[in-house]
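Step one of this worksheet: look at the structure below.
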Amino acid sequence: MASVHESLYFNPMLTNGVVHANVFGVRDWVTPHKMALLVLLSELGRAGAQLGLLERRRLNRLLLPLLQGPDMALSRLRKAIEECCPHLARSVHIRLKLMAEGELKDMEQFFDDLSDSFSGTEPEVHKTSVVGLFLRHMILAYNKLSFSQVYKLYTALQQYFQKDEKKDGADENEMELTNPEELDGKMEKEELDGPLREEEIACSGPLSQKQAEYFLSQQASLLKNDETKALAPASLQKELNNLLKFNPDFAEAHYLSYLNSLRVQDVFSSTHSLLHYFDRLILTGAESKSNGDEGYGRSLRYAALNLAALHCRFGHYQQAELALQEAIRIAQESNDHVCLQHCLSWLYILEQKIFDSCVLLEHSVNKSLHFGLPYLASLGIQSLVQQRAFAGKAANKLMDALKDSDLLHWKHSLSELIDISIAQKTAIWRLYGRSTMALQQAQTLLSMNSLEAVNVGVQQNNTESFAVVLCHLAELHAEQGYFAAASEILKHLKERFPPNSQHAQLWMLFDQKIQFERAMNDGRFHVADSLVAGITALNSIEGVYRKAIVLKAQNQMSEAHKLLQKLLIHCQKIKNTEMVIRVLLSIAELYWRSSCHIIALPVLLQALALAREYSLQYLASETVLNLAFSQLILGIPEQALNILHMAIEPVLAHGAMLDKGCAMFLVAKCQVASAASYTPEKKIEALESAISNLNEAKTYFAKVDCKEQLRDVLYFQARLFHTLGKTQERNKCAMLFRQLHQELPAHGVPLINAFK
C-alpha cells in the first residue's frame, strides 16, 4: 500500500534528489481506512435513537483517537467497534462488503450521500464539529481526485477488505485446530492487546499532517509520562525515519528523534537530530512567523543552550561551556532575559563540577523570581537545598526552604516539581538517618495523583522522582527484613522503568546493593564478591567500598586497608562526607581485628566530629556505638554503657534490623563485662537483663537472616545460661549454635573482636 499512497497523494519536485515541495501541503486525503470511518459515521447517524446511552458514549470516546490516529487494519477497527456496539460493527462490515464487492458507482454514490448529513434545519452533523470537519475534509479531498486516482482508491479499498476476509478465514481454520483452553488464553491476550494501544500502531506509508502531528505529540507525551507505553527506541526511530523520508524539513520529527536518542544514550544521533531540529526551524520560518524578526536569533541562542545541556548530560563539560558561552553572547545581544536565566542555571551546574558556589545559584533564583519564571526559580531552590544538605545545614531550615518552594509549585500547578520536592525530602531524611520520616514522604508521593492530564491507560508520574522514591522504599523494606516486599517493589520498578529506559540505572544499583547485603548477612562472601562488579559499573565509589567490605570479611586485612585508604583520599577530595565517615568506621574495624584498639580511637573520633558537623545523626549514633565497643575492648565497660544510652535510641527508632541487633548485642556484652564487679545478687540481675537483650538481638538478626551474628548470640547465651545454672536453656542454645557452626565454619577471628 505504501507505493499506492506515494503515487496517489505525493508528487514532490525533485532536483538532484532533494525534495523542494512540502509533502504536507495536502492536509488530509482519502484512504481505505478513512472510508471505513466514514461508513462508521454514516451507520452511526442511521442508528439514531436505536443506540443506548452507554453504547453511544463508548462510541463517542472511540471516535476521537480513530479520527486522529494513523491508519489501521480493518480487523482491528472492527474489533474496536465490536467492543462498543456489536450490531453496529456488523452493519459497518456489511456496508463495506457491498461497496468493495460492488461497482465503482457504489463508492461514488456513497460520497454523494455524505453531503446530506449537513442538510436540513437540524442536521445530523454540525459543520464545525470534530466529526463535521472530518467529513468535509474527506468530501473535499475526494472531489479533488482525478478519475484514475478514484479508480486506484477503489482498488485499494478492495484490497483492504479482501485482506481482512483472508485473515478471518485463517482465524477460523486456526480455531478448528485449537483446543478450547488455548483459544480462551489467546482471546484473553488479544483483549489485553486492545486496538487502542497506539504504541502498537505502525505508520505504514506516509501520514497526513494531522496524523503526523498527533503521532508525534502522542509519543512525546508517552516518553514524558509513561515510557513503557511508547514505541521501543528502534521502532520509534524507524517511524520517524519514515516521516522524514517524505518531509525532511519536519522540525518536530527531528526533535522527537533527539529525545529518542537520549533514551539509549546515543550522543552522536542526539546531537545530529538536535542540530537538524533548529536548522529546520529556521529554514521553514516557523520561528520568524511567531516571533517576528527575533525568530532567527531566538532559534540560534536556544539551539546553543540545548547543545550545552546535551553535552553536560553526557559529561562533555568543556564542549558544554563553549556552547553555553555562545548562547550567553547571543542572548545578551538580543536582550533576552529569559534565555539568560536559563544560561545562568546551567552555568551554575557547570561551575559546580569545579567548585561549590552558591553565589550564582542565589542570583539565578532572585532573577528568576523577578522575571516571573517560577519553574526555574523552584529548580534553583531545590538545588540550593541539596547543596546545603551536603554542607550539613540543619534539617528544619532545609524543610522551611522546601516549604517556600512548595508554595510556588501549588500556586502555579507545577506537578513535576511537586514530585521532585517530595523526592528531595525523602532523600534528605535518608541522608540524616530518619528512616521513619523518609518512609512517610515516600508514601505521600506514591499516594498522590498527578495534576497533568494524561490519556486513559497511561501510567502517571513515570518520572525520576518516582524512581528515586520507590528505590528508597525498596531499600527501607530490605533493611527491616521485608525482603519479599522489597522484591515486589523492585519487580514493579523493572516493569515501570525497563532496562533500556533512562532511569533504569537507579533500581539496578539498589537491586545490586540489596542482593549484596543479603549475601553478606548470609555469609556467602563469594556471591557478594560477584555482585561488586555490577555495583562498580553503576557507581564506582559504592563498588570500591563494597569490595573492601568483602575483603575485610574474608580476613584479607592488608588489601582491604589499602583499598579503603585510596577511597578515603578520593572521597575527601570530592567532599563525599557520608562515604568518608563510612570508610573511617571500616578502617577502625580493621584496627580492631588487627588488635590495634588504641589506633582505632582517633579514627572514630574523627568520624564522630564529621558526623556531628554535617548533622548526620544516624552515622553519629553508629560511630558512638563503635566508640562504646572500643571502650569495652579497652576494659572500661561502665563508660561504654554510659555512652550507649545516648546513641541507642536513634538506632532503635530509625536503624536497620542489623544495626538494631548489633546495638542490643553490644549492650548485652557491656552488661556482662560490668557485672564482674557486682555483688552476686546484682550480678544475677545483670546477667538476666543481658539474656533479655540477647533475645531481642536474636529476633533482629533472624529477621534479616544474619546467620553469623545469630551464631555469636547463641554462643553468648549458652555461656550465660551455664553461668546461671540453667542447663536446659544452655543445651538448647548449644544445639542451635552447633547447627549454625557446622553450616558456617569460623574464620579464625575471636568473638570479642567484632562489633558487626
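The values are calculated or read from the model by the stated rules, or taken from the named source; none is laboratory data. Being a predicted model, the structure only gives us computed values, none of them experimental. Using ideal geometry, Cβ is built from the backbone for each residue, glycine included, and neighbour counts are taken over all protein chains shown. Ligands, DNA and RNA are excluded from the accessible area calculation, which covers all protein heavy atoms including side chains. Shrake-Rupley method; radii C 1.70, N 1.55, O 1.52, S 1.80 Å.
Remarks
- The stretch between Arg738 and Val359, if pulled fully straight at 0.36 nm per residue, gains 130.1 nm over its current Cα-Cα span.
- Two-site FRET efficiency, Asn576 against His272, from Cβ-Cβ distance with R₀ of 41 Å, rounded to 0.05: 0.70
- Theoretical gain in end-to-end length, Phe111 to Glu351 [0.36 nm per residue, Cα-Cα removed]: 79.8 nm
- Loop chymotrypsin sites (Phe, Trp or Tyr not before Pro), the range 300-380 (other Cβ atoms within 10 Å of the site Cβ: 13 or fewer; DSSP): Phe355, Phe371
- Whole-percent carbon and sulfur share, accessible surface of the range 610-756, 1.4 Å: 54
- Checking every one of the trypsin sites (Lys or Arg not before Pro) in the range 304-372 against DSSP loop status and a limit of 13 other Cβ atoms within 10 Å picks out Lys353.
- Cβ crowding within 10 Å averaged over residues, with 377-386, 88-97 ranked highest first: 377-386, 88-97
- Whole-percent carbon and sulfur share, accessible surface of the range 448-604, 1.4 Å: 54
- Efficiency of FRET between Leu54 and Thr436 - r from beta-carbon atoms, R0 41 angstrom, step 0.05: 0.30
- Global form of the range 32-166, assessed from the alpha-carbon gyration tensor, a/c cut-off 1.5: oblate
- Mean Cβ neighbour count within 10 Å, used as a protection proxy, ranking 507-516, 593-602, 435-444, 483-492 highest first: 507-516, 435-444, 483-492, 593-602
- Extension gain, Glu213 back to Val338 (0.36 nm per residue minus Cα-Cα distance, nm): 42.2 nm
- With 22 Å as the limit on Cα-Cα distance, the pairs of Lys97/Lys163; Lys224/Lys575; Lys397/Lys425; Lys105/Lys144 that go past it are Lys224/Lys575.
- The range 384-541, accessible area per residue, ligands and nucleic acids excluded (1.4 Å, Å²): 46
- Summed over the residues of the range 656-755 and divided among them, the accessible surface reaches 50 Å² per residue at a probe radius of 1.4 Å.
- Heavy-atom accessible surface of the range 32-166: percent carbon and sulfur, 1.4 Å: 53
- Accessible area per residue for the range 32-166 is 53 Å², calculated with a 1.4 Å probe on protein heavy atoms, without ligands, DNA or RNA.
- Scalar couplings 3J(HN,Hα) for the range 624-641, obtained by applying the Karplus form with A = 6.51, B = -1.76, C = 1.60 to θ = phi - 60°, are 5, 4, 5, 5, 4, 5, 4, 5, 4, 5, 7, x, 10, x, 4, 5, 4, 5 Hz; x denotes Gly and Pro.
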